[in-house]
Amino acid sequence: MLCSAAVFPTKRPRRLRRSPALRALVRETTLHPGDFILPLFFNEALDAPRPVGTMPGVSQLPVSAAAAQARLCKELGIGGTILFGLPRTKDASGTSAYDPDGPVPRAVKAMKEAVPELLVITDVCVDEYTDHGHCGLLRQDASGAVDVDNDATLEVLARAAVVHARAGADVVAPSDMMDGRVAAIRRALDAESLTGTAILSYAVKYASGFYGPFREAADCAPKFGDRAGYQMDPGNAREGLREAALDEEEGADMLMVKPALAYLDVIARVREVTTLPLGAYNVSGEYAMIKAAAERGMIDEKRAVLELLTSIRRAGADFILTYHALDAARWLG
Ligand code: PBG
């Protein structure tokens, strides 16, 4: 006998890969347009879209484009949007972050008016609104060194969240990484009877080299120093579990890990320790890499994007904030 029964494979995983129907039946992770949240940048000073050079296919938008974007998201069955604002004026303490006539509140209103059922999330941070570009207000410590003032920043974040919620945002998403911001925002929302507004916390956010293109899109690169004093060190995973647990205790309704691709292990670990819905942010640098490689014919963009988005879901994310949202939704039909 050429092959004895003992060595001949009787267990053959390939049996289930023989046809598209079988593969579809046993597929563990699937993608749907409803899994995607589309980030949008509204610039108060624009009358027409302004392409972001480092993010092909992404533009800063005038507020007047908000309603059309909402209709597009609905048409494609996108899960929701997250809005960022570029205000006309910036100052040291980010006061335009809580201007009720700022680009984000105005865009929220327009989108909700056009498509009331569309999920609208707002990014809550001060870096787009401060002239120094840091995610918090600054102060000099006893030694004279300039530092981000955690507790003074909470006040501004809370005011911005209330303004966004009053404009109609379903969810507010603090991305600043200050300690205690989830509790401060929850308290402020509840004090204004905005008890139905949910908080999606950027709970586990790393000081990442993959945010470069975003800083052009949102015009928020720090003018000096970096964000390592408040965003997490890329070497740390246990610390991410602690951040997630603290935000859950403080009242976060959903958690997020950011970036996604270099942190799939962190997504998987956070997934195991929380029952809250978990999102992941497929950030600007991750998007730019794919676009650059695809433009040069080095990879098949559609295949690569759908594979990466699947990997983020497989790691344990329930939903994905991604600039690929519109394309991916179209590809999924
Ligand atoms: C801060 C914020 C950033 C991103 C989302 N919110 C930039 C940063 O922390 O420097 C990055 C998103 C991306 O790179 O796509 N408001």
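Just so it is clear, none of the values below were taken in a lab; they were calculated from the coordinates. Since the model is a prediction, treat every value here as computed from it, not as a measurement. Ideal geometry is used to build each Cβ from the backbone, glycine not excepted, and the neighbour counts take in all protein chains shown.
Compute a Gaussian network model of the chain, connecting alpha carbons closer than 10 Å, and tell me which residue from Ser175, Ser284, Ser193 fluctuates the most.
Largest GNM mean-square fluctuation: Ser193.
Would you kindly give the portion of the calculated P(r) for segment 200-268 that falls above 15 Å, as a percent of all Cα pairs?
When every Cα pair of segment 200-268 is considered, 56 percent fall beyond 15 Å.
Stick to the Cα atoms of segment 229-333, pair each with every other, and give me the Kirkwood hydrodynamic radius in Å at one decimal.
Every distinct Cα pair counted, the radius reaches 14.6 Å.
Can you pull out the chymotrypsin sites (Phe, Trp or Tyr not before Pro) in segment 221-278 that DSSP calls coil and that have at most 10 other Cβ atoms within 10 Å? Don't skip to the answer; put the middle values down first.
Details: sites: Phe224, Tyr230, Tyr263; in loops: Phe224, Tyr230.
Sparse-neighbourhood loop chymotrypsin sites (Phe, Trp or Tyr not before Pro): Phe224.
Scan segment 32-141 for trypsin sites (Lys or Arg not before Pro) in coil per DSSP, keeping those whose Cβ has at most 14 other Cβ atoms within 10 Å, and list them by number.
In loop regions of segment 32-141 (DSSP not H, G, I, E or B), the sparsely surrounded trypsin sites (Lys or Arg not before Pro) are Arg88.
For a quick check, take a GNM of the chain with Cα springs below 10 Å and name the residue from Ile78, Ile185, Ile290 with the largest mean-square fluctuation.
Maximum among the listed residues: Ile290.
Among the DSSP beta bridges whose two residues both lie in the chain, what percent are antiparallel, rounded to the nearest 5?
Here the share of antiparallel DSSP bridges comes out near 15 percent.
Per-residue ellipticity at 222 nm for the chain, helices alone: DSSP H runs ≥ 4 residues times -39500 (n - 2.57), over residue total, nearest 500 deg cm²/dmol?
-11000 deg cm²/dmol
Quick check: the angle from helix 301-315's long axis to the longest principal axis of the chain, C-alpha only, nearest 10 degrees?
Approximately 80 degrees, to the nearest 10.
With respect to the cross-link table entries Lys90/Lys112; Lys258/Lys291; Lys74/Lys112; Lys74/Lys109, which display a Cα-Cα separation exceeding 21 Å?
As for pairs spanning more than 21 Å Cα to Cα, those are Lys90/Lys112.
Could you work out how far the C-alpha centroid of segment 66-125 sits from that of segment 29-55, in angstrom?
Distance between centres, Cα-based: 11 Å.
Radius of gyration and Dmax for the chain's Cα atoms, expressed in Å?
Both quantities, over Cα of the chain: 21.4, 85 Å.
Relative to the first principal axis of the alpha-carbon coordinates of the chain, what is the inclination of helix 238-250, with its axis defined by its Cα atoms, in degrees from 0 to 90 and to the nearest 10?
Result, in degrees: 60.
Can you give the Rg/Rh ratio of segment 1-82, where Rg is from the C-alpha atoms and Rh is the Kirkwood radius?
Result: Rg/Rh = 1.41.
GNM on the chain, C-alpha springs below 10 Å: top fluctuator among Val171, Val162, Val305?
Highest fluctuation of the listed residues: Val305.
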